[in-house]
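Read-outs: derived from the displayed coordinates by stated rules, not from any lab. Quick caveat, the model's predicted, so the values are computed rather than measured. Here Cβ is always computed from backbone atoms with ideal geometry, including for glycine, and neighbour counts include all displayed protein chains.
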Amino acid sequence: MPIKTWELDPNFKNEILNELGGEHLTACYQCSTCTLGCPITEIIPSYNPRKIIQMSLLGMRNEVLTNPDLWICLICQTCTARCPQNVVVGDVLAVIRRIAEKEAKAGKIKIESPRPLFEEAFLHTLEKYGRLYDMGLALEYYPKREGGTVSGMMAMMKDYKDFGMRMFMHGKMGPLGGHGLTKGMLPSKIKQREVMKKIFAWVEEKEKEQ
């Protein structure tokens, strides 16, 4: 990838450093230990967290924020455990993802990955019920991913032919599995849901302060 120096943003690394989790960005000395030990590279050989960090340090802001590889990280922390500089790579990438989401909401970039939509649906489920509700998560995620309710339901049915049926059989998302007709269909709620709502409200206030 050619580097166009006139398009670099020298303040991009400072933007990352000023965010909680990105403070160790400049400690990276590009040894590639994170990439060599990453389990994702066995499936997607092109995935390279070291390169994402290098591009961030160089100020390649737009290239980094629109890079689809940014959303592949599983946050398994293998890279963090092996980093000789104690760079929490997963946190650094999380900071960059947050910046990308802000830019996308402002209409400055477009995120191709569906992961932000999934994470948003996941958090909505936790805020509402206090624990994961698989069916509710799916009903919110798929229509947003596909851009419509009907197309979303069709995509969900297609995906569930394989993996979804295994969840049904374990009583996770349907009436099968021997745990009652409504097992998995209705949400299981924690008793003090107002506590969870307070946690989310506190986090939102902290994000506004940054």
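Test each condition in (1) more than 16 Å from the chain's Cα centre (by Cα); (2) surrounded by fewer than 17 Cβ atoms within 10 Å (Cβ to Cβ); (3) not in a helix (DSSP H, G or I) for E112 and report the one that comes out false. Here E112 meets the rest and fails (1). When the residues of region 36-53 are filtered to those that are in contact (Cβ under 8 Å) with a residue 24 or more places away in the chain and in a helix (DSSP H, G or I), the one that is farthest from P10 (Cα to Cα) is P39. Taking the conditions exactly as written (small (G, A, S) and outside any helix (DSSP H, G or I)), does S56 satisfy them or not? Spelling it out, it is not the case that S56 is small (G, A, S) and outside any helix (DSSP H, G or I). Evaluation of C73 against the conditions (1) closer than 21 Å to L132 by Cβ; (2) surrounded by 17 or more Cβ atoms within 10 Å (Cβ to Cβ); (3) out of contact with any Phe, Trp or Tyr (no Cβ under 9 Å at 6 or more places or on another chain) shows that the sole unmet condition is (3).
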